[in-house]
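Heads up, the thing below is written out as structure tokens.
The values are calculated or read from the model by the stated rules, or taken from the named source; none is laboratory data. Predicted model, so just to flag it, every value in this text is computed and none were measured. Positions of Cβ are generated from backbone atoms using ideal geometry, with glycine treated the same way; all protein chains shown enter the neighbour counts. Note: areas computed on protein heavy atoms with side chains; ligands, DNA, RNA excluded. Shrake-Rupley method; radii C 1.70, N 1.55, O 1.52, S 1.80 Å.
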Amino acid sequence: GAVVSQHPSRVICKSGTSVKIECRSLDFQATTMFWYRQFPKQSLMLMATSNEGSKATYEQGVEKDKFLINHASLTLSTLTVTSAHPEDSSFYICSARTGQGYEQYFGPGTRLTVT
Amino acid sequence: AQKITQTQPGMFVQEKEAVTLDCTYDTSDPSYGLFWYKQPSSGEMIFLIYQGSYDQQNATEGRYSLNFQKARKSANLVISASQLGDSAMYFCAMERSGGFKTIFGAGTRLFVKA
């Protein structure tokens, strides 16, 4: 089956620094990738949609200058949390689609802790 | 606007019994898809089952079945013969056909008792 990886799985960073999270589709080409954020005991909230080679589309209320998304190839999207603050601590999950069918393949998630 | 509602924050079920997790949705789109995902404590999202709005029959996948009642806008998940490994968070989700954007319900935490 289709596999999506995320790296790192866990990261701790200091307040004010930036951290990059990678999302890779390992055995298929992903025309569209999604980034979600999940706070403890809450649901997944879509942050942005990224298509290869074009700018990401951010959901309302998501700061595009803070959460930089790059979808450089059909197998890689990155989320960079800039100038991280403790309130950015969360579980970040990416997903990928091939553009055909309804399947959405999720990565295992990245737990970010900002101290 | 689209909305997914899961009214059961937590559910308990005895091992080997069946359990129904409720999900209602709201959309004005004629074509849409409904999903159920399982999220164990590890955090990964595991796809369980899919129902298209035009599908005539209820979807089934092994021990999972989706009770789709279009007129009532409900898409309940039925898990038969519950197992201890079914203990997890369960999310109902919906997307507009072709729109690709998925919205999730608040989730239901299922506890399976031995």
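Table: residues versus (1) in a loop (DSSP other than H, G, I, E, B); (2) more than 13 Å from every other protein chain (Cβ to nearest Cβ); (3) at pLDDT 95 or above; (4) under 9 Å from the mean Cα position of the chain (by Cα).
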site	(1), (2), (3), (4)
B:GLN51	no, no, yes, no
B:ASN67	no, yes, yes, no
B:ALA75	no, yes, yes, yes
B:ALA81	yes, yes, yes, no
B:MET89	no, no, yes, no
B:ALA93	no, no, yes, yes
B:GLY99	yes, no, no, no
B:VAL112	no, yes, yes, no
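Among residues that are in contact with a helix residue (DSSP H, G or I) (Cβ under 9 Å, 6 or more places away or on another chain) and either among the polar types (S, T, N, Q) or more than 10 Å from chain B (Cβ to nearest Cβ) (or both), A:THR113 is included. Among the residues of region A:72-83, not a single one is within 14 Å of chain B (Cβ to nearest Cβ) and buried (at least 16 other Cβ atoms within 10 Å of the Cβ).
Flag set for A:ILE21, criterion: over 24 Å from B:GLY105 (Cα atoms), of a type in the set (Val, Ile, Thr), open to solvent by less than 10 Å² (accessible area, probe 1.4 Å) and within 14 Å of chain B (Cβ to nearest Cβ). Can you confirm whether region A:27-48 contains a residue that is β-branched (Val, Ile, Thr) and at pLDDT 95 or above? No, the conditions are met nowhere in region A:27-48. Evaluated against (1) without any contact (Cβ under 8 Å) to a residue 12 or more places away in the chain; (2) within 14 Å of chain B (Cβ to nearest Cβ), A:GLY107 falls short on exactly one condition, (1).
Scanning region A:74-99 for residues that are over 20 Å from A:THR57 (Cα atoms) and not in a strand (DSSP E or B) yields A:SER83, A:ALA84, A:HIS85, A:PRO86, A:GLU87, A:SER89. Checking A:ALA30, A:ALA56 one by one, the residue that is in contact with a strand residue (DSSP E or B) (Cβ under 6 Å, 6 or more places away or on another chain), small (Gly, Ala, Ser) and away from chain B (no Cβ under 12 Å) is A:ALA56 and no other. Scanning region B:81-98 for residues that are surrounded by fewer than 14 Cβ atoms within 10 Å (Cβ to Cβ) and of a type in the set (Gly, Ala, Ser), we see that the one that is nearest to A:GLN104 (Cα to Cα) is B:GLY98.
Quick one: would you say A:SER90 is among the small types (Gly, Ala, Ser) and either open to solvent by 30 Å² or more (accessible area, probe 1.4 Å) or touching a Gly at 6+ places or on another chain (Cβ under 6 Å) (or both)? Here the answer is no, as A:SER90 does not meet what is asked.
Out of A:ARG97, A:ARG37, one residue alone is in contact (Cβ under 8 Å) with a residue 60 or more places away in the chain, under 29 Å from B:ALA88 (Cα atoms) and buried (at least 17 other Cβ atoms within 10 Å of the Cβ). It is A:ARG97. Taking the listed residues A:ALA56, A:ALA48, A:ALA30, the one that is more than 30 Å from B:THR108 (Cα to Cα) and buried (at least 20 other Cβ atoms within 10 Å of the Cβ) is A:ALA56, with no other qualifying. Among the residues making up region B:6-49, a single one is within 14 Å of chain A (Cβ to nearest Cβ), surrounded by fewer than 13 Cβ atoms within 10 Å (Cβ to Cβ) and not in a loop (DSSP other than H, G, I, E, B): B:GLY10.
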